[in-house]
Amino acid sequence: MRRFSEHNPIAVAVYFLCVLSVAMFSMDPVILIISLTGALALHFRLQRLSGGRTHLYTLALCLFMTLINPLVSHHGATVLFVMNHNPVTLEALLYGTASAGMIAAVLYWFRSFTCIMTSDRLLYLFGALSPKLSLILSMAMRYVPLFGHQARRTRQAQQALGLYREDNLIDSLRGDARIFSVLMTWALENGVITADSMAARGYGIGRRSRFSIFRFTLRDGLLILLSLLLAGGTFWAIHAHAFTYYPVISAAPATLRVIPGFAAYALLALLPLLIDAKEAIRWRCLQSGI
């Protein structure tokens, strides 16, 4: 049993590159609806109902973009009303709604990407391209939790010594400045120790070997091939179905390749869920045969 998130990081990265390429460069309403639906479905599949505040922020951003566009852009033939001698048009409102939907879909796709592509997967992905870049990323990601942990330790020590009081604004600012100074000194000292440790281990002397727990299998190759084919079919279809918002909302006549193109992108957007559903059904069948 191998779920979508357990595929090789290269295959997963290619998939997200394909689905995001279509989502970011198409303003077709059908594509936007499919992209947002697939992004939300995958996000809730990975993180359930967590992150309620994040959803509220995204909703507020979408509402802001929807309302601000007709107030800034006055293009369009269908005037809804006039505000301060400036026309508010239906085309500008719908374009703002489409832009908000595209931004929301891209944000949710990237949230799913960060949930699946953990630090070890990113190191594997970039390590093959540039070992130095991989080392920098690993050290940067390592120092983020270390900084937080060291800041908490320093704050507790300051409070134990009575040098940090949160009920006083001046003392709080002084305590924060003192903690920042301690952190900078600690970071510089830790950087020198890390450099000496790497030099003692012979880093940079000869060719380095790399170890990885990930293996590239036939399923990963099929996932990459299917992602590229579906994305290519989608681009081929939407190229013949131009959708414009200004000056009036219009779309090119639908051809025989438009509907298969939309179906291809729907399959691409729902591909992770289909893979997980297939593996779940297979697992239940194996359990029933025991």
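The values are calculated or read from the model by the stated rules, or taken from the named source; none is laboratory data. What you see is a predicted model, and the numbers here were worked out from it, not measured in a lab. Cβ atoms come from the backbone with ideal geometry, glycine included; neighbour counts cover every protein chain shown. Note: accessible area is taken over every heavy atom of the protein model, side chains too, but ligands, DNA and RNA are not part of it. Shrake-Rupley method; radii C 1.70, N 1.55, O 1.52, S 1.80 Å.
A compact table of results
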{"read-out": "Filter pass, Thr217 being touching a residue at least 40 places away in the same chain (Cβ under 8 Å), polar (S, T, N, Q) and open to solvent by 30 Å² or more (accessible area, probe 1.4 Å)", "value": "yes"}
{"read-out": "Residues satisfying the stated conditions in region 51-86, i.e. free of Cβ contacts under 8 Å to residues at least 60 places away in the same chain, in contact with a Phe, Trp or Tyr (Cβ under 8 Å, 6 or more places away or on another chain) and either more than 21 Å from Phe25 (Cβ to Cβ) or not β-branched (Val, Ile, Thr) (or both)", "value": "Asn69, Ser73"}
{"read-out": "Close pairs from region 256-278: first more than 17 Å from Ser21 (Cα to Cα) and touching a residue at least 40 places away in the same chain (Cβ under 8 Å), partner in a helix (DSSP H, G or I) and open to solvent by 30 Å² or more (accessible area, probe 1.4 Å), Cβ under 6 Å, at least 6 apart", "value": "Leu273/Ala41"}
{"read-out": "Which numbered condition Tyr95 misses (of (1) assigned to a helix (DSSP H, G or I); (2) open to solvent by less than 30 Å² (accessible area, probe 1.4 Å); (3) modelled with pLDDT under 90)", "value": "(2)"}
{"read-out": "Odd one out for Ala13, checked against (1) closer than 17 Å to Ala264 by Cβ; (2) open to solvent by less than 30 Å² (accessible area, probe 1.4 Å)", "value": "(1)"}
{"read-out": "Arg121 being of a type in the set (D, E, K, R), open to solvent by 60 Å² or more (accessible area, probe 1.4 Å) and modelled with pLDDT of 75 or more", "value": "no"}
{"read-out": "Selection within region 69-92 - surrounded by 14 or more Cβ atoms within 10 Å (Cβ to Cβ), part of a helix (DSSP H, G or I) and of a type outside the set (Gly, Ala, Ser)", "value": "Asn69, Pro70, Leu71, Leu90, Glu91"}
{"read-out": "Failed item in (1) surrounded by 13 or more Cβ atoms within 10 Å (Cβ to Cβ); (2) closer than 23 Å to Ser5 by Cβ; (3) among the aliphatic types (A, V, I, L, M), with Ala237 passing the rest", "value": "(2)"}
{"read-out": "Scan of region 140-154 for residues that are surrounded by 12 or more Cβ atoms within 10 Å (Cβ to Cβ), over 23 Å from Val12 (Cβ atoms) and not hydroxyl-bearing (Ser, Thr, Tyr), ordered by number", "value": "Leu146, Phe147, Gln150, Ala151, Arg153"}
{"read-out": "Failed item in (1) in a helix (DSSP H, G or I); (2) more than 27 Å from Ser119 (Cα to Cα); (3) not hydrophobic (A, V, I, L, M, F, W, C), with Gly221 passing the rest", "value": "(2)"}
{"read-out": "Hits in region 245-290 (condition: open to solvent by less than 60 Å² (accessible area, probe 1.4 Å) and under 30 Å from His74 (Cβ atoms))", "value": "Tyr245, Ser250, Ala251, Ala252"}
{"read-out": "Residue ID - modelled with the highest pLDDT, chosen from residues in region 38-63 that are open to solvent by 80 Å² or more (accessible area, probe 1.4 Å) and under 12 Å from Ala104 (Cα atoms)", "value": "Leu63"}
{"read-out": "Candidates Ala157, Ala100, filtered to the one that is under 17 Å from the mean Cα position of the chain (by Cα) and surrounded by 12 or more Cβ atoms within 10 Å (Cβ to Cβ)", "value": "Ala100"}
{"read-out": "Qualifying residue in region 29-43 (condition: free of Cβ contacts under 8 Å to residues at least 24 places away in the same chain and either of a type in the set (D, E, K, R) or part of a helix (DSSP H, G or I) (or both))", "value": "no"}
{"read-out": "Residue within region 246-257 that is closer than 30 Å to Asp28 by Cβ and at pLDDT 85 or above present", "value": "no"}
{"read-out": "Conditions (1) closer than 24 Å to Leu46 by Cα; (2) of a type outside the set (A, V, I, L, M); (3) in contact (Cβ under 8 Å) with a residue 60 or more places away in the chain: number failed by Phe243", "value": "(1)"}
